[in-house]
1. Using a 7 Å offset from the Cα along the Cα-to-Cβ direction at both LEU65 and ASP86, what is the distance between the two label points in nm, to one decimal?
2. So what does log10 I(q)/I(0) come out to for the chain at q = 0.13 Å⁻¹, using the Debye formula with one equal point on every Cα and no solvent?
3. With the crude spin-label approximation of a point 7 Å out along Cα→Cβ, what separation in nm comes out for GLU263 versus MET292?
4. Can you give the FRET efficiency to the nearest 0.05 for LEU244 and ASP415, using r as the Cβ-Cβ distance and R₀ = 45 Å?
5. Roughly speaking, what is the stretch gain from ARG38 to ALA270, that is 0.36 nm per residue apart minus the C-alpha to C-alpha distance, in nm to one decimal?
6. Given the rule -39500 (n - 2.57) for each run of at least 4 DSSP H residues, summed and divided by the residues of the chain, what is its mean residue ellipticity at 222 nm, to the nearest 500 deg cm²/dmol?
7. For segment 43-113, which trypsin sites (Lys or Arg not before Pro) are in a loop by DSSP, counting at most 14 other Cβ atoms within 10 Å?
8. Could you give the length gained on full extension between ASN278 and ASP141, defined as 0.36 nm per residue of separation minus the Cα-Cα distance, in nm?
Amino acid sequence: MAADLLLISDLHLGSHLKPRMRGEAVHLASRIEDIFGRFIEHYQRQGTWQLVINGDFIDFWNVELAGSANLPAESLAVARLHAVFDAHPNVEAALQDFLRAGNSVLFVTGNHDAELLYPRVRAAIVARLTPAEDEGSSRTDLTNLAALQAGRIRFVRWFLRDPGGAWIEHGHTFDPSCATPALLSPTRGGELVQTVAEVATRNFANLMPEIDYDAPDKFSGMDYIRWALARGWRFVIRVILLYLRTAGRILALWAGPGRVDREGKEMHAARLAKVAANAGLQMSALAALEKMAPPPTATTVAGLLGITFLDHVVMVAALGGVGLLLGRWAGLPGVGLLAGIAAAVAVLARKHRRKRPRNVARDMLEVAAGVGEVTGVPLVLMGHSHHGSLDRLGEVVYANSGSWLDGSHLVVRRDAATRRFAAVELRRWRNGGVLTLHRMAVPQPNTPLPTELVASVVVPP
């Protein structure tokens with residue numbers, strides 16, 4: 001019979017592999033080692049599965065290796081991958097056993113593991129997890145889950161539109177600070193470009209063991225200010241200096257490092273046409289999806305100023321300068337300057353009152369219905385937000401696997417007769433057992449799957 005899907009995401013393996021690290025992250029890594037194998041064994045006893053690791057499996061952003069500064073980007077990514085698996089032997093062994101038992105694994109590229117776009121990184125994963133010699137394992141052109149054979153690994157660059165009625169992608173393309181232009185080949189000089197979130201993580205969060213692990217995902221500018229003030233003025237000065245350096249590197253993205261070069265754009269366009277053909281979509285549909293996503297922060301001046309909080313500095317400087325000029329004309333330069341600064345503060349305060357707080361989980365929910373409508377699928381499966389959820393919007397069911405670090409995951413069941421996806425369950429792994437939090441039926445179209453596809457989705461023994 002056709003295999004059901006087990007979806008997990010956002011394990012962030014390797015996030016503790018850096019010189020300055022608080023004990024909390026080391027404890028988290030130890031906990032993953034302790035329970036991931038039991039989680040996999042539990043589902044292995046339930047039957048045959050297609051495991052979809054929906055992005056951010058490896059946290060390349062947080063892995064710092066001594067003596068690696070001069071390595072080429074792809075070689076460095078491979079070295080980081082091996083360091084992560086060496087640090088998580090139980091996770092590696094669990095996946096090896098899972099594959100040997102006749103299950104299969106699909107890796108979907110996320111923002112923290114965009115290095116999966118490098119061919120040598122994919123080949124290294126295959127080599128570590130399975131002894132099978134399969135030249136196609138590290139390819140990224142999977143068109144449907146029926147082609148994912150038992151005991152094999154495959155990869156997806158962006159999304160998978162499965163004929164069974166599901167759209168699967170990590171979801172970071174709808175988060176501007178984590179997205180890149182030309183996502184199928186976001187390269188400059190053959191190397192992956194960095195996003196704003198990656199620069200901030202490497203140059204700020206990684207050097208602050210005092211900060212919460214998930215702060216970059218949930219903190220606003222005011223949250224950082226309150227966090228620093230609570231630790232005293234010496235710490236505030238340290239944070240300001242580190243912030244200024246990080247802000248400078250973020251702003252530098254606009255000048256080049258965050259922008260894909262012509263070769264990357266041409267490769268993206270060529271791959272986009274192939275992806276559309278493989279997925280059975282018109283190019284107009286993929287163009288619509290790209291337009292649904294906000295522009296990556298690194299490509300706009302307004303976005304860069306806003307995310308670094310420098311738009312506030314510009315506003316205060318501009319209105320303060322206008323006030324100073326008017327004050328000089330009136331013979332009261334000091335009063336004019338203060339009035340200008342007060343006006344800037346008032347404008348910024350009003351802006352913050354009217355601004356909707358950043359909420360990645362809500363934003364992804366809002367675009368899910370559009371994704372389903374544009375692509376013609378009833379089930380949209382994502383990760384990235386770290387918030388497990390299951391919702392229906394019209395004729396589209398949206399399910400997010402959350403973060404496996406808190407036990408959240410999804411199970412998607414197929415209909416035995418039609419082989420279409422029939423139901424999705426949001427579950428949580430706790431204390432060696434599974435709790436089903438929510439279950440929802442997937443809307444079924446009137447047209448059946450083609451006969452050849454129904455036959456092909458049977459998993460080989």
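What follows draws every value from the coordinates through simple rules; no lab data is involved. Keep in mind the model is a prediction, meaning the values are calculated, not measured. With ideal geometry, Cβ positions are generated from the backbone for all residues, glycine too; neighbour counts draw on all protein chains shown.
1. With each label point 7 Å from Cα toward Cβ, the separation is 0.8 nm.
2. Values returned for q = 0.13 Å⁻¹ are -1.24.
3. Roughly 3.3 nm, to one decimal.
4. 0.20
5. Working: separation 232, 0.36 × 232 = 83.52 nm, distance 4.23 nm.
Length gained between ARG38 and ALA270: 79.3 nm.
6. Values: 15 runs with 204 residues, N = 461.
Rounded to the nearest 500, it is -14000 deg cm²/dmol.
7. Taking segment 43-113 and a limit of 14 other Cβ atoms within 10 Å, the loop trypsin sites (Lys or Arg not before Pro) found are ARG45.
8. That pair, ASN278 and ASP141, stretches by 48.6 nm at full extension.
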